[in-house]
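Asks: The structure's right below; bear with me while I get my questions together.
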Amino acid sequence: MRTVSYPSNVNDEKRAGFSLMELLVVIAILSLLIAILLPALTQARHQARRMACAGNLRQMGLAIHLYAQDFGDTIPFGPAGRPVTGSNFYTVTGNVTSLLSLEDGAPVGLGLLLKDYLAHQPTVLFCPGADQQSEAREQLAQVGQAQAQSDFYYRHASVALLTGTPKASHIRLSDLGRNSKGQPIAALVADVQFLAHPSLAVFQVKTRTSHQRATSNILFAAGHVTTVSNRNDMLTVNIGTSPYDALERILAMFELADDHR
C-alpha cells in the first residue's frame, strides 16, 4: 500500500516567532518610545502636582477670607511670639514665616485656620508638589503640642524681626499696607523654596523646596493664585548656615512676588 504525503502548511525551516534580529529591532523601538514618552509623562506629573498645590492655596485663600469676615477684616495673625531657642524659631508676632504653632503649642498664623476653617481639610497647608517626602501627618500631629510647620510661607505682616515688637498689630485684608518699595502688599502666601545647611537640621531648620525649584505658586490677597517662574532661584531663600536673616530674606522674596499681582 502506497503512502501519499502532502506538503505541510507550515514550513519547518521558517517556524512562527521572532528571529533574534527582529527581537532586537522591537526592543530598540520600545526603548525609543519610552525615551520619548517618559519626559512627557514626568512633566505631566509635575504639572498635575503643581496644579494641586495651587488648588490648596486657593482653599487657603478662601479660609483666610472667611476668617477676615469673622474677625473684623483682619488676617490670621497670632499671639505674641516667644524668644528664639534651639527648638523655637517663631519669634515676634508678624514675622514672615511658615510656622503653625509656638513651642508651647499655641497656634499662630495659618494655624489659626485649623480649628474652624480647615478642620476637615488640614492637609491643604501642605504642597503635593514638595520635592521632599511629605511631613503633613507628622507636622499636624504637633499642632497644639509643639512647634509645627507647613509647606507655605505666610506673610503675617510687612515686618521681618527676630526680636522686638512689630509696629502693626492687626493686619486688615482689605488694606495690607505697602512694602519697602512703596508698592501695595499683595502676595500673602507662597510655596516654600528654602535651602539650609544640613547642620541646621538638629534645630528643625531643614531644606524644603517645591516643584523642583522651577516655579512657585503665589496666593494674593484678592484670592487668586499665580504660578511664577523661579528663574535663577529668584524666589529661593538660601540661608546657608545662618538662620538669623531668614525672615528678612523671605520678606524680600514676597516683595518680588508683589510685582506679579
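The values are calculated or read from the model by the stated rules, or taken from the named source; none is laboratory data. As the structure is a computational prediction, the values presented were derived from the model and not from experiment. Neighbour counts are summed over all protein chains in view; Cβ atoms, including those assigned to glycine, are modelled from backbone coordinates with ideal geometry.
Asks: Here's a check for you: in the range 182-206, which residue that is crowded, with 23+ Cβ neighbours inside 10 Å and not hydrophobic (A, V, I, L, M, F, W, C) is nearest to Gln132 (Cα to Cα)?
Replies: Looking at the filtered set, the residue picked out is Gln193.
Asks: Considering only the range 179-205, how many residues are out of contact with any helix residue (DSSP H, G or I) (no Cβ under 7 Å at 6 or more places or on another chain) and not in a strand (DSSP E or B)?
Replies: Total satisfying the criteria: 9.
Asks: Next question. Can you name the number of the only condition in (1) modelled with pLDDT of 70 or more; (2) closer than 29 Å to Thr207 by Cα that Asp175 fails?
Replies: Unmet for Asp175, out of (1) modelled with pLDDT of 70 or more; (2) closer than 29 Å to Thr207 by Cα: (2).
Asks: Next up: Could you go through the range 41-58 and let me know if any residue there is more than 25 Å from Gln132 (Cβ to Cβ) and either modelled with pLDDT under 95 or among the polar types (S, T, N, Q) (or both).
Replies: Within the range 41-58 (the criterion being more than 25 Å from Gln132 (Cβ to Cβ) and either modelled with pLDDT under 95 or among the polar types (S, T, N, Q) (or both)), the answer is no, since none of the residues qualifies.
Asks: Right, another one. Is one or more of the residues making up the range 68-89 within 21 Å of Arg208 (Cα to Cα), modelled with pLDDT of 90 or more and in a loop (DSSP other than H, G, I, E, B)?
Replies: No, that holds for no residue.
Asks: Just one of the numbered conditions (1) at pLDDT 85 or above; (2) more than 19 Å from Leu57 (Cα to Cα) is not true of Leu102; which one?
Replies: (1)
Asks: Filter the range 224-245 for residues that are under 17 Å from the mean Cα position of the chain (by Cα) and part of a helix (DSSP H, G or I); which is surrounded by the fewest Cβ atoms within 10 Å (Cβ to Cβ)?
Replies: Among those that are under 17 Å from the mean Cα position of the chain (by Cα) and part of a helix (DSSP H, G or I), it is Arg231.
Asks: On the given criteria, is Glu248 touching a residue at least 24 places away in the same chain (Cβ under 8 Å) and in contact with a Ser or Thr (Cβ under 8 Å, 6 or more places away or on another chain)?
Replies: no
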